[in-house]
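What follows is a short report on a single structure.
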Amino acid sequence: MALRDILIFPHAHLRKVAKPVQTFDAALATLVEDMFETMYAAPGIGLAATQIDVHQQVIVMDISEDKNEPRVFINAELLSQEGEVEHEEGCLSIPGIYEKVKRPARVRVRAQDQHGETYELDADGLLAVCIQHEIDHLNGKLFIDYLSALKRDRIRKKLEKQTRRAG
Ligand code: GNR
Ligand code: NI
């Protein structure tokens, strides 16, 4: 297992669009393991491969209190979305920034697990928010894209300064 570096906004690669996974091999298993290790260490409740500069449709997640309910979403697609809910979001690629975002409240998702087995899931609450947040990452989209351009610009300037200081 290995920790991977997380890209920080406004890194250009966060805007790349991920490609579907075609082969469920040992390399994919290692990627999924590394993503869990990186997510738990951060700590975060979800991680999209885009965030570690891997542009394949791979998401890991664990929204449980005890961090013992790992979920894998490969080639995830939203089958339906309904309702609307506002939730405060954060992102490991946008450290220290927390803002309310409105999204559909309930989703149905189809995905594959790490073995290639297809499954469907109905989600609401934090799980629905997190799934949509992670699928956005795979499409090069960030939660701050839902904010005003003014707010987004302030966040960009703040993080650019921090990244410069950190080298
Ligand atoms: O750890 C995370 N917490 C979180 C809180 C509210 C809405 C979404 C998230 S996902 C985030 C981890 C992350 O950046 N995933 O891409
Ligand atoms: Ni994120």
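What follows is calculated from the coordinates using simple rules that are stated; it is not laboratory data. Given the structure is predicted, the values throughout are model-derived calculations rather than measurements. Cβ: placed from backbone, ideal geometry, glycine included. Neighbour counts: every protein chain shown.
So, in the range 74-98, exactly how many residues are within 10 Å of ligand 1 (Cβ to nearest atom) and either closer than 20 Å to LYS157 by Cα or not in a strand (DSSP E or B) (or both)?
8
Quick one: is ASP122 farther than 28 Å from ALA12 by Cβ, part of a strand (DSSP E or B) and away from ligand 2 (no atom under 16 Å from the Cβ)?
yes
Being under 15 Å from the mean Cα position of the chain (by Cα) and either under 20 Å from ALA166 (Cα atoms) or within 11 Å of ligand 2 (Cβ to nearest atom) (or both) is the filter here; which residues of the range 12-35 pass it?
Within the range 12-35, HIS13, LEU14 qualify.
If you check GLN81, GLN112, which single one turns out to be surrounded by 14 or more Cβ atoms within 10 Å (Cβ to Cβ), of a type in the set (S, T, N, Q) and touching a residue at least 60 places away in the same chain (Cβ under 8 Å)?
GLN112
Those residues that are in contact with a strand residue (DSSP E or B) (Cβ under 8 Å, 6 or more places away or on another chain), of a type in the set (A, V, I, L, M) and within 15 Å of ligand 2 (Cβ to nearest atom), I need them from the range 36-75; list them, please.
Residues satisfying the conditions are MET39, ILE45, LEU47, ALA48, ALA49, VAL58, ILE59, VAL60, MET61, ILE63.
Please work out which one of (1) surrounded by 14 or more Cβ atoms within 10 Å (Cβ to Cβ); (2) under 17 Å from ASP136 (Cβ atoms); (3) touching a Gly at 6+ places or on another chain (Cβ under 9 Å) is the condition THR38 fails and give its number.
Here THR38 clears every test but (2).
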